[in-house]
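Comments concern the structure below.
The values are calculated or read from the model by the stated rules, or taken from the named source; none is laboratory data. Nothing here was measured: the structure is a model prediction, and the numbers come from that model. For neighbour counting, all protein chains shown are included, and Cβ atoms are generated from backbone atoms with ideal geometry for every residue, glycine included.
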Amino acid sequence: MQQMIGKMARMYSMFILLGFMIVIIAFFVGYSNSQTAATYFAETKLVRETTLMTERASMESIGQWLPYFKFLGLGLILGGIVMALRVIIDNLKAAGEQVMSNLPTEKRPPMPKPPWFGPLMPMVMMVGLLIFIIALVIGFQNASVASKVFSNSLPVIDEAAAGSTLLGQLESIHSTSAWLIPFKFFGIATEFLAIVMGLATIITILTNQTEMIKKGIHVARGN
C-alpha cells in the first residue's frame, strides 16, 4: 500500500496542474455568470420577477455548484503539496539509508522509524479530496433542483402553498446549502492537517537522522 502511494506521490505535479486548471475554469464560469447577473439586474424589479426566469434559474443553478467546484480545485492543489511532501520524506529516508550503508552491517545504527502519523498523511489528504467530491456531487444535485424552482416567476414561488412540491424543493436547497458550506471547510481543514502531518514527519526524520549520522560518525572514528 505504502509503495503504491509512494509511486502516486511522484505525480504530485499532475495534482497541482489539474487543480489549477479547475480553478481557471471556475473563474471563467464565474465571469460568464456575472454577465448574466448584469443583464438580469439591469431590468426593473417587475421585469426581473416575471419574465427573466431563465437568467435567474441559470444564476441560482451555477451558484449551487460553482463554489464546490472551486474548492475541489484548491483541494487538488493542496493534495499535490501533500504528495510533494511525501516525495521529500521518501528521499530523506533513502539518503539516510545510503549514508549508513557505508558502515559495516554489524555496527550500523538502526534506521529511525517515522512517526506514527507519517504513513497516514496521504490517506488524510484523500479523505479531504473525497469530501470535496461529495460536496460537488451534492452541489450539482442542488443546482438541478434550483434550476427547476427558479424557472418559475418569483410571485409564483412566493405564493407556493405549504406542503407543495415547489416549496419542498426550495426548502431542500436552503437546508442542504446550510450544511454543505461548513462541510467544504472541513475538507480544507483536512487537507491542511495532512500538510501539517507531512511537515511534522519531515522535522522528525531530520532530527532522528541527524542523531543517527552522529552515531555513525562515532562508529566510523572508532574503526
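If you go through the stretch 195-202 one residue at a time, do you hit one that is part of a helix (DSSP H, G or I), within 14 Å of the chain's Cα centre (by Cα) and more than 26 Å from MET59 (Cβ to Cβ)? Before you say what the answer is, go through the steps one by one.
So in the stretch 195-202, the residues part of a helix (DSSP H, G or I) come out as 195-202.
This time we only want the ones that are within 14 Å of the chain's Cα centre (by Cα), so: 195.
Still in the list and also more than 26 Å from MET59 (Cβ to Cβ): 195.
Among the residues of the stretch 195-202, at least one is part of a helix (DSSP H, G or I), within 14 Å of the chain's Cα centre (by Cα) and more than 26 Å from MET59 (Cβ to Cβ), which makes the answer yes.
Every condition in (1) at pLDDT 90 or above; (2) more than 30 Å from PRO155 (Cβ to Cβ); (3) crowded, with 20+ Cβ neighbours inside 10 Å is met by GLY118 except one, and the failing one is (1).
Looking across the stretch 155-188 at every residue that is under 19 Å from PRO67 (Cα atoms), loosely packed, with under 12 Cβ neighbours inside 10 Å and among the small types (Gly, Ala, Ser), the one that is farthest from the chain's Cα centre (by Cα) is identified as SER175.
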